[in-house]
Amino acid sequence: MTVIIRKVRTALQREYRKAGGILTSEAITDANENLGLLSAQCIEQIDFTLDHVSDLTADPLKRPTAEELRELHAAVNEMLSCCAAVKIDGFADTLHAVGRLVGALMAADVWLEGALTPAANLLRLVRRGAVAPDKVAVLIVGLDQCAARMRSYSRAATYQ
Amino acid sequence: MIAAPSPMPPRINLRTIKALCVDTNALGLDILSQTLLGFGVDRIFRAPNVEEAKSILKKDTIDLVLCDAQLGEESGHDFVRWLRLSQMEPNCHVPVFVITGHALEPEVTKARDCGSSFVVTKPISPAVLMQRIMWVAGADRSFIESDNYTGPDRRFKFEGVPTELPRGRRKGDGGSTLGEPTGANMSQEDLDGLVKPQRLSL
C-alpha cells in the first residue's frame, strides 16, 4: 500500500494571524449577537418540528417505518441546530438522548410498544419549561435505558 | 507528534477567507453563516444541498468548509470523502468541519474517517467553534493520501503522564509506574460473557 504524507499549508493557516484581525472575544460576542437575531425563527422552527415529531410518534402500537425513523433522526438534528440560537434548559440534552434512542431503533428490528412516546412527550414538556432541570436529567437516564435495551436487540448484537 | 494547540491568541483575521456552509436546512445555513459573519468572514458561500456545494467547489477556491453530517439523501461524510478524493487543488486540502447532532462514537469515527479536520457537536457555540478553528489553523497536521484514507492525519500521539515529576504535573495525575494488580484476573468464561450477546426476554 502506498501512503503519501504531505505538508500542506492552507489559506486558513496563512491568514488567520495576519495583522488587522479582530479580538477573538469580540468575534465570539458578535457571533452570539448574530445568533440572537435568529432566536425567534429558531423557536418557530423547533415548535413546527416538534409537531412533526408528535405526528410521527402518535401511534404507540406502530413501529415507525425506516423512512419515518430517518425523518425523526433528521428532526432531532434540525432542532439541535436551532439550539445554537435558543437557550432552553435541558432541551439540547433531551434532544441528544432522543437521538440516541432513535439511532438504537434504526439499528434494531424489534419494537417495544410506545418506545418513542415518552421521548416525544418529554421534548414537549422541556420545550415549555415544564420540567425542572434535575428531573430532566433523571428522565434522560430513562430514555437512555430504553435505548440500551433497544441496542441489545440490534442487528449487530443479534448476529454477532 | 501533533503539537498541542497554543493558547488562543487575542486576534484572528478571517477577512480574506472564503468559507462554504453546507446544510439542507435553511435555518441551519443561517446559523452557520451568521456565526462566521460574527467571526469576520466576509465571503460566505451557502449550499443547501450537496450538488450545489460540489459546483461551488469546482468553480471557486474555498478556504474553510462547515458541513452538516446529515445532508438529506446524502451524508455529509460522503460529501467530505468526495472532496478529499476529488484532486481539486487546493480545495481537496481545505479544512472541513463536520457539524453533527448525533455524536455517538460510531458517528464521530465515521466523521473522522471520511477526512474531516474536526467534528463539532450541536448545538454550535461560537466560543467552541472559534477554539476549533484556531486549533485547526494553528496545528501543523500532515495530509495523508493512502488507498484507504485521504485527509488530515488522524494520529495523535499520547505520551502518557509527564515523567519529569514523580506524579506528573497535575494534581490528578497518577504515578508513571504500574502498581500491583488490585483484583484477580478474569476467567475465560467471564471474558466470553463480556463479548458474546446475551439472550434477553421481552
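All of the numbers you see were taken from the coordinates with simple rules; none came from a lab. Since we're looking at a predicted model, the values are computed, not measured. Cβ coordinates were reconstructed from backbone atoms using ideal geometry, including for glycine residues, and neighbour counts include every protein chain displayed.
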Answer yes if at least one residue in the stretch A:51-69 is within 9 Å of another protein chain (Cβ to nearest Cβ) and buried (at least 21 other Cβ atoms within 10 Å of the Cβ), and no otherwise.
no
Report whether or not residue A:131 is in contact with a helix residue (DSSP H, G or I) (Cβ under 8 Å, 6 or more places away or on another chain), within 23 Å of residue B:71 (Cβ to Cβ) and more than 13 Å from chain B (Cβ to nearest Cβ).
no
When the stretch B:132-151 is checked residue by residue, the ones that are at the interface with another protein chain (Cβ under 9 Å from one of its Cβ atoms) and assigned to a helix (DSSP H, G or I) are B:133, B:134, B:136, B:137, B:138
Within the stretch A:127-143, which residues are assigned to a helix (DSSP H, G or I) and over 15 Å from residue A:114 (Cα atoms)?
A:127, A:128, A:133, A:134, A:135, A:136, A:137, A:138, A:139, A:140, A:141
Look at the stretch B:54-95 and say how many of its residues are of a type in the set (Asp, Glu) and buried (at least 19 other Cβ atoms within 10 Å of the Cβ).
2
If you scan the stretch A:79-96, which residues turn out to be at the interface with chain B (Cβ under 7 Å from one of its Cβ atoms), within 13 Å of residue A:37 (Cα to Cα) and among the aliphatic types (A, V, I, L, M)?
A:84, A:85
What number of residues in the stretch B:101-117 are of a type in the set (Val, Ile, Thr) and surrounded by 21 or more Cβ atoms within 10 Å (Cβ to Cβ)?
0
Answer with yes or no whether residue A:61 is touching a Gly at 6+ places or on another chain (Cβ under 9 Å) and in contact (Cβ under 8 Å) with a residue 40 or more places away in the chain.
yes
Would you pick out the residues in the stretch A:41-77 that are of a type in the set (A, V, I, L, M) and under 14 Å from the mean Cα position of the chain (by Cα)?
A:46, A:50, A:53, A:69, A:72, A:74, A:75, A:76
Check residue A:114 against each of (1) more than 23 Å from residue A:43 (Cα to Cα); (2) free of Cβ contacts under 8 Å to residues at least 40 places away in the same chain and name the one condition it does not meet.
(2)
Out of everything in the stretch B:31-53 that is in contact with a helix residue (DSSP H, G or I) (Cβ under 7 Å, 6 or more places away or on another chain) and more than 8 Å from chain A (Cβ to nearest Cβ), what residue ends up being surrounded by the most Cβ atoms within 10 Å (Cβ to Cβ)?
B:53
If I go through the stretch B:132-155 residue by residue, how many of them are among the polar types (S, T, N, Q) and surrounded by 16 or more Cβ atoms within 10 Å (Cβ to Cβ)?
1
Which one of B:120, B:98 is surrounded by 23 or more Cβ atoms within 10 Å (Cβ to Cβ) and not in a helix (DSSP H, G or I)?
B:98
Just for helices (runs of 4 or more DSSP H) wholly inside the stretch A:1-117: which have at least 3 residues that are hydrophobic (A, V, I, L, M, F, W, C) and farther than 27 Å from residue A:150 by Cβ?
A:24-36, A:39-56
Here are B:84, B:154: which of them is part of a loop (DSSP other than H, G, I, E, B), more than 8 Å from chain A (Cβ to nearest Cβ) and in contact with an Asp or Glu (Cβ under 9 Å, 6 or more places away or on another chain)?
B:154
Can you tell me which residues in the stretch A:7-48 are more than 7 Å from every other protein chain (Cβ to nearest Cβ) and crowded, with 19+ Cβ neighbours inside 10 Å?
A:46
